[in-house]
Amino acid sequence: MASNRLHNSDEEKYRFETHRKGDGLLEISFVGRWCLDQDLPAAAVILAEKEEGIRSLSFNTTQLTDWDTGFLAILRALFTLGGERDLSIDQEGLPKGVRHLLAMASAVPGQEAGKRGGTKQNFVSRIGAATIDFFSGAPEMLHFLGEITVSFGRLITGRARFRFSDLWWEIEEVGPRALVIVSVISFLVGLILAYLGADQLRLVGAQIFIADLVAIGMVREVGALMTGIIIAGRTGAAFAAQLGTMQVNEEIDAFKSLGISPIDFLVLPRMLALMLMVPLLTLYAGFVGMFAGALVSVTIFDVGMFEYYTETLRALEVKHFLVGLSKGSVYGAMVAYAGCLRGMQCGRSAESVGEAATSAVVTGILLITIVASIMTIIFYRLGI
């Protein structure tokens, strides 16, 4: 039994024929030119429902004159339809190039990162999933921390391999270029502290102690904390995006192939830059905040400039500056650690880079908050 279907176009003809053979075999013959610019039939038309009792498919392309991706699309649809009907398919009758392209198409896995939506989880499920992710990622975080520690050991012994030009570029990027945003935020925070203190202190006529509140608060705690959060959003995300993009482009794999440690060459300069510059930014933020407090006190609450200056000098001690600088250095290390960790963990897609940047900011702020609490308790216990 054979069925013939003929298509006439202005240029060339294409035709397919189906032949029933023994043992439930159906042979499909393709004749002529099968290209996208023609009105090619659907797979369901070729493998019609009336073709019942067949268990396998084969193909004959000896009279096929020309083909392109339109022909490939029809074959893929035929394979899918045959799979739904539990048919075995013999591809030996297809051209070698067609078989090769079909094999390549079948070998490419589906991209899960591009899929949106899915089943929505409730609040409790999301918290549980986040908790599981945190504890499952803890060993990897500790491993990365160990690699950084070993890298610092190589730096001390002079065996770390990185370019000092990269270090100076990172210092410029995370230091001088961050002055504007640090200035604005620190000024506003100092202004807020002055208003908050004055609202309570003027009840007892002690507006002069606004100087103590602003000076100690900015130099010891708030300046370092706000600078750390600013750097986490500005620089931590940038580190994650940079390293994530290098991960996508397989540049980090290239470093490993060349025998160069990515931790030494990429992570170490970023860690050093933030550990050196964040304390200086913290000190700068403290002075900007004190200036904002003085401006509010003098212009709004009738505190003399000389009195405010004298009270600020009386309130500040060297230990306050040392506490602020030490916190700034640790916060900078936490931001660099979070940014580099998420960048090195990044997947191989553009969406993964965005997720790494977001995760770096969240992780950096979380680490800063935890470390700030621990250091505050320690300094309190030590009486510093």
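Normalised by the number of residues in the chain, the average gap of Cα pairs under 8 Å and 6 or more apart makes the relative contact order 16 percent. For the pair residue 298 and residue 143, the difference between a 0.36 nm per residue extended length and the Cα-Cα distance amounts to 50.5 nm. Separation of the stretch 16-87 and the stretch 229-258, taken as the distance between their Cα centroids, equals 49 angstrom.
In this structure, residue 203 and residue 172 have a Cβ-Cβ separation that, at R0 = 56 Å, corresponds to a calculated FRET efficiency of about 0.75. Using R0 = 56 Å, the C-beta based FRET efficiency linking residue 85 and residue 161 works out to 0.40. The orientation-averaged shadow of the Cα convex hull for the chain, equal to a quarter of the hull surface, comes to 32.1 nm². Working from label points 7 Å from Cα in the Cα-to-Cβ sense, the residue 105 to residue 258 distance is 4.0 nm. Distance from the Cα centre of the stretch 125-150 to that of the stretch 280-299, in angstrom? About 38 Å separates the Cα centre of the stretch 125-150 from the one of the stretch 280-299.
In this label model, residue 126 and residue 366 are separated by 1.4 nm, measuring between points 7 Å along each Cα→Cβ vector. Length available on full extension from residue 245 to residue 180: 0.36 nm per residue minus the Cα-Cα distance, which gives 20.7 nm.
Can you tell me the length gained on complete extension of the stretch residue 276 to residue 377, counting 0.36 nm per residue apart and subtracting the Cα distance?
Extending this stretch completely gives an extra 33.9 nm.
Computed from the coordinates by the stated procedures, all read-outs in this text should not be read as laboratory data. Predicted model, so just to flag it, every value in this text is computed and none were measured. For neighbour counting, all protein chains shown are included, and Cβ atoms are generated from backbone atoms with ideal geometry for every residue, glycine included.
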